[in-house]
Structure formats: structure tokens, C-alpha cells
């Protein structure tokens, strides 16, 4: 397809600008997707606010956004499993397919992955994207484009839950009620975990966790987290903990509030890349630490959970913006964290 498209470009820290760029040309194995919805991820906010996450440094101009869904409008000559008009969720990482990690099924660990909006690869705050067809997953009729875009963060939640082998009968605690904390809550519920305690310091996010079915909430700003956890678990502690905020205080609280022999799943990235932990207490408790890097082989499961009505992913969204208002969307996401839990940009 020839022509120009609208693109939202990060021109510098805190600076967004709309420009026109040529519509991407597709390769034989690719499809051209008309993007309809893009979620604003915490990583987008970090890049916009700080210009980097750890060793990933933005060199503007740069395009943010990796949580997306849309409609197939053009097919490469070798594409057979999709057709024009199919609505799809795009898994944003393209891997080499030949390294030991790809071949063993752990393609999220591929050292040569190209991932939307991870420097130097541009993201999808734009009208059209060319993407490999095998990383575009068809959406059932009852799954909206908004829900399709949110399959990406939901996949992180499912991967975290799978890493911890969470199951029915456990008491789980989730530290952080931002997007990733909330999708971890939803994934835990999908796995049959009923007693899920959510900890945060922002009232709006804790309220959202309650709406999504948290068994109990703890406001770490107003309550003693360890004391409240012990009360809620009759002094026994949690069976499994998920740290989704990348915060040193909550990481150490995980160690304090879980039972001996439990598992802690670390999902969140710290701003500095380093966290000091109470290792002696972790050793005394013989805890298992699991970590999460994105996800692999999760998209079909996540889409099915939405289509079957097991997960109502759209409930995590608190704000919608048009692409034309991308500067406002990013500024509010940075400056109004107390009220904005999850934003979605509509690409018109």
C-alpha cells in the first residue's frame, strides 16, 4: 500500500510531535495492519519521562508503543493463515528463530529480539505497521480491538503466574496495582487462586484491584503491610508473592510476608536496575525466586481467556485518548499516576 501515515514521535524527553511518514512496505511473510488501539505501557512512560530504562537508551526521534491490535489490510505473497479484514493482536517481539533459546521454546530470551518501542526499534504509535504474520494472532468476534491490544500486558501476567506455578488453594499477594499488577491479579484468578491480596500506595489503583476481584487490599502508605498480611493470613503468611513495582521496599516485604519454602516472582523493573534484599531472611526461609522477562507462547492462551469470559481485560482501562492528543496522553500518564491506572490511545 502506498501513501503516508500519521506517526506520533518522541522528539525528546517529555516532547511528542505528530508527523507524516510513508506507510511501511511489507515482506513476503508479513502483513500490513491498520492499527486501531495501542496501550500506554509503564515502559513507554519511563522512556518518555527519563529517556532510558537500564541499558536501553532512547535516541530521539523515537516511536513509543508496543501493546496493539488492528485489522489486516494487506498480505505478503507467502502469507496463508490470515486474510484481509482479519482483526489481530500483534505480539511485539520478532526473534531470530535459530538460537538455542528460540529452538528450545524460550524465544523471549533470544539475544537478537527486535521488540516494538525498545531502542533502537520504533514502536506503534502510528496508523500502520508491517509485522510477521506468525506474530499476528486472530481475534474472535467477541474480543474487541481494545482487549486485543491488552493481550500483551495480560501475557506478562500469565507468564508470571506460570513462572510461580500458582494454583487453586493458595493465598497470593501482589505488590503493585498498576497495569502489570492488575493483569497478574486477573491471571491468578484465571488459574483458580481465590485469595489474592493486593498492596499499593495509591487509593485509585487499590480500588481498581477490588473491582477486579481482589480478596483484600492493603494501602502501604497508611497501613503496616507486614502486620496486615499476617492478620489476613491468620499469622501464616502467603504461599506465593508477586512483585510488580520494581521497588526495593516491596521486594523486601515479599520476603517478610511469605511462608517458609514459598516462591517469590519478580516482575517489576527498578529504576536503578539494582535492589538490595534481605538475603539472610530469604535463606532462612529457603525461598525460591523466579523472574519474568516478557513472555513466550502465551498469546493464544490470553486471547482464549478473554473470549471465554474468564478475563475481563478492558476493566483495567481508566482513560482513552486519540492519537492527535498523544502529548496530553503521555503528560497525564506521567503526572497523574494517582488517578490514571491504564490508558489506551485510539488510532483513528
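The values are calculated or read from the model by the stated rules, or taken from the named source; none is laboratory data. Please read these numbers as outputs of a predicted model, since none were measured by experiment. When we count neighbours, we look across all protein chains shown, and the Cβ atoms used for this are built from the backbone with ideal geometry, even at glycine.
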Query raised in the report: Can you tell me which residue in the range 205-229 is farthest from the chain's Cα centre (by Cα), limited to those that are surrounded by 16 or more Cβ atoms within 10 Å (Cβ to Cβ) and part of a helix (DSSP H, G or I)?
Result: 228
Requested in this report: Kindly check whether there is at least one residue in the range 291-301 that is over 19 Å from residue 66 (Cα atoms) and in contact with a strand residue (DSSP E or B) (Cβ under 9 Å, 6 or more places away or on another chain).
Outcome: yes
Report summary line: Among 250, 262, the single one that is touching a strand residue (DSSP E or B) at 6+ places or on another chain (Cβ under 9 Å), assigned to a strand (DSSP E or B) and either surrounded by 13 or more Cβ atoms within 10 Å (Cβ to Cβ) or not assigned by TED's automatic domain parsing to the domain that holds residue 201 (or both) is 262
Query raised in the report: Hey, residue 172 hits all of (1) touching a residue at least 60 places away in the same chain (Cβ under 8 Å); (2) under 27 Å from residue 65 (Cα atoms); (3) in contact with a strand residue (DSSP E or B) (Cβ under 9 Å, 6 or more places away or on another chain); (4) not assigned by TED's automatic domain parsing to the domain that holds residue 86 but one; which does it fall short on?
Result: (2)
Query raised in the report: So which pairs qualify, if the first residue must be in the range 290-302 and closer than 16 Å to residue 133 by Cα, the second must be in a helix (DSSP H, G or I) and at pLDDT 95 or above, the Cβ gap must be under 7 Å, and the two must be at least 6 apart or on different chains?
Result: 299/151; 299/155
